[in-house]
Amino acid sequence: MFQYLTPEIIQKRYDCAKAFYKTIGVDTDAALTTLANTAISLHCWQGDDVKGFEVHDESVSGGGIMAIGNYPGPAFTADMLRKDAEKAFSLIPGKKRFNLHAIYAETNGKVVDRDQIGPEHFANWMKWSKDNGIPLDFNPTFFAHPLANDGYTLSHANDDIRNFWIRHDKCCRRIAEAMGKNQGCACVVNHWIPDGAKDQPVDRWAPRKRLIEAYDEIFAEKIDEKYCKDGVECKLFGLGSEDYVVGSHEFYMGYAMTHPQMLTLDMGHFHPTENIYDKISSILLYKPELLLHVSRGIRWDSDHVVILNDDLRCLFQQIVRGGALSRVNIALDFFDASINRVGAWTIGTRATQKALLSALVEPTQILLNFENDGDGAMKLALLEELKTAPVGDVWNMFCLQQGVPAGSAWIDELIDFDRRVIKTR
Ligand code: RNT
Ligand code: ZN
């Protein structure tokens, strides 16, 4: 249905677009090279609604995050998840990474608690990573566990519980180091905890003090930074932590400014009208690197599938205008269980890459000149005109170069995969 773009049409249109961009001083070939070299880390948890493959001997509850929806066919084995991810990879151009959570360990049906997991439980993932040339990233899992049921983990007042989670995080950094060695580049570890309170805790201080101490203990363990890079992720509120989140923005901003770890900014973790794009320049003036969770907040949900909206475009404009692309680690974080999950991965990743491409083909110098000369209307006019400039033709060339479907053609493949594989599970 959507196979209308032949390589000849794509080439012709690209040549026109290239000529247009040249007139405003933009080199589209160079933009495509940069785009091709920028890795996007796809989150494994979109494929199975954040369930993982952990074997439990007691029932567990969510703990701060929840995927909503009943679309058929979520992956329920690791092999299935890998196959689904490969399908998404075949529809997404450019460099990809794959982001795992600790609950995606493969333990051969055995109960292995989270303070006991090691690189051996990720052997299949590491082999797959090598075979496919897709480096891995990693996350400790501080939710969906009996010891997370109180709503506190690393900041828990109980020493035994807190120490369990400290041990868990240490295991995770060792696993990440092993992954890093396996893939020959750093594995990025994101530390997010759901800790907080539903309603008005009297003591908002002690959990934060304990959290600092817990992280200090975790990061004191020597892990080769060539193979493991850490980020700490803030949040405004979560399910069951509506009134108080221990790891707030101010908390982690303070931690990251006084420690080597990166700050992680999730696009859905701020007030509904607050954007992260204006935070980039402030943070990267102080820190060498930043970790992004590309997501889309809608009212109280922080994890809708990413689309090419202004939030996303402004984010990449800030990164590219600041010359900071190499200092930003781009990871996706959304989960929608109500639509085809391979489709969700592909939509969100392609949207992220399109936003980056739009920023890469911006005639920034001309805009800056307008700005510096006081030509505000001219600047605004050009920004508006650029929105309908032929960036889509440059994007289609990228898809052609990368051997993935251009334009809407991938939707045909999604329909086929949905009917043939997903709906027959
Ligand atoms: C939750 C955080 C966190 C998780 C993943 C699964 O609000 O955004 O990053 O989504 O770790
Ligand atoms: Zn996140």
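The values are calculated or read from the model by the stated rules, or taken from the named source; none is laboratory data. These figures come from a predicted structure and were not determined experimentally. Please note: Cβ atoms are built from the backbone with ideal geometry, for glycine as well, and neighbour counts cover all protein chains shown.
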*Please determine, by comparing only the residues of the range 199-244 that are surrounded by fewer than 21 Cβ atoms within 10 Å (Cβ to Cβ) and among the aromatic types (Phe, Trp, Tyr), which one is nearest to Trp165 (Cα to Cα).*
Phe219
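Quick one: which residue in Gly73, Gly109, Gly69, Gly25 is closer than 21 Å to Arg296 by Cβ and more than 16 Å from ligand 2 (Cβ to nearest atom)? So that I can check it myself, show each step before the final result.
On the way: Gly73 fails: closer than 21 Å to Arg296 by Cβ; Gly109 fails: closer than 21 Å to Arg296 by Cβ; Gly25 fails: closer than 21 Å to Arg296 by Cβ.
Within the list Gly73, Gly109, Gly69, Gly25, the selection yields Gly69.
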*Between a first residue in the range 87-114 that is surrounded by fewer than 16 Cβ atoms within 10 Å (Cβ to Cβ) and a second residue that is assigned to a helix (DSSP H, G or I), which pairs have beta carbons less than 7 Å apart while being 6 or more apart in sequence or on different chains?*
Thr107/His121
*Looking at the range 181-197, which of the residues that are surrounded by fewer than 20 Cβ atoms within 10 Å (Cβ to Cβ) and part of a loop (DSSP other than H, G, I, E, B) is farthest from ligand 2 (Cβ to nearest atom)?*
Gly184
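From Tyr255, Tyr286, grab the single residue that is touching a residue at least 40 places away in the same chain (Cβ under 8 Å), of a type in the set (Ser, Thr, Tyr), in contact with a helix residue (DSSP H, G or I) (Cβ under 8 Å, 6 or more places away or on another chain) and farther than 18 Å from His43 by Cβ. Spell out how you get there, then give the answer.
Working: Tyr286 fails: touching a residue at least 40 places away in the same chain (Cβ under 8 Å).
Every option except Tyr255 fails the conditions.
Consider Ile415 carefully, then state whether it is under 30 Å from Ile9 (Cα atoms), hydrophobic (A, V, I, L, M, F, W, C) and surrounded by fewer than 18 Cβ atoms within 10 Å (Cβ to Cβ).
Details: under 30 Å from Ile9 (Cα atoms): yes; hydrophobic (A, V, I, L, M, F, W, C): yes; surrounded by fewer than 18 Cβ atoms within 10 Å (Cβ to Cβ): yes.
Yes, satisfied.
Across the range 34-58, which residue is surrounded by the fewest Cβ atoms within 10 Å (Cβ to Cβ) among those that are of a type in the set (A, V, I, L, M, F, W, C) and more than 19 Å from Asn329 (Cα to Cα)?
Pass one, the range 34-58, residues of a type in the set (A, V, I, L, M, F, W, C): 35-36, 39-40, 42, 44-45, 50, 53, 55.
From what's left, more than 19 Å from Asn329 (Cα to Cα): 50, 53, 55.
Details: Val50: 21, Phe53: 17, Val55: 12.
Selected residue: Val55.
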*For Gln365, state whether it is in contact (Cβ under 8 Å) with a residue 24 or more places away in the chain, more than 16 Å from ligand 1 (Cβ to nearest atom), more than 30 Å from Pro72 (Cβ to Cβ) and surrounded by fewer than 16 Cβ atoms within 10 Å (Cβ to Cβ).*
yes
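Check whether at least one residue in the range 345-358 is basic (Lys, Arg) and touching a residue at least 24 places away in the same chain (Cβ under 8 Å), and report yes or no.
To start, the set of residues in the range 345-358 that are basic (Lys, Arg) comprises 350, 354.
Keeping just the survivors that are touching a residue at least 24 places away in the same chain (Cβ under 8 Å) gives 350, 354.
Yes: the range 345-358 contains one or more residues that are basic (Lys, Arg) and touching a residue at least 24 places away in the same chain (Cβ under 8 Å).
Assess whether Phe164 counts as being surrounded by fewer than 23 Cβ atoms within 10 Å (Cβ to Cβ) and either closer than 20 Å to Tyr104 by Cα or at pLDDT below 95 (or both). Steps first, please.
Values: surrounded by fewer than 23 Cβ atoms within 10 Å (Cβ to Cβ): yes; either closer than 20 Å to Tyr104 by Cα or at pLDDT below 95 (or both): yes.
When the stated conditions are applied, Phe164 passes them.
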_Are there helices (runs of 4 or more DSSP H) fully within the range 220-338 with at least 3 residues that are within 16 Å of ligand 1 (Cβ to nearest atom) and within 25 Å of Ser155 (Cα to Cα)? List them._
249-258
*Consider only pairs whose beta carbons are under 6 Å apart and that are at least six residues apart or on different chains; among these, list those whose first residue lies in the range 66-80 and is farther than 12 Å from Gly52 by Cα and whose second residue is among the aromatic types (Phe, Trp, Tyr) and assigned to a loop (DSSP other than H, G, I, E, B).*
Ala67/Phe335
*Return the only residue of Asp336, Asp303, Asp311 being of a type in the set (D, E, K, R) and either more than 15 Å from ligand 2 (Cβ to nearest atom) or within 26 Å of Thr388 (Cβ to Cβ) (or both).*
Asp311
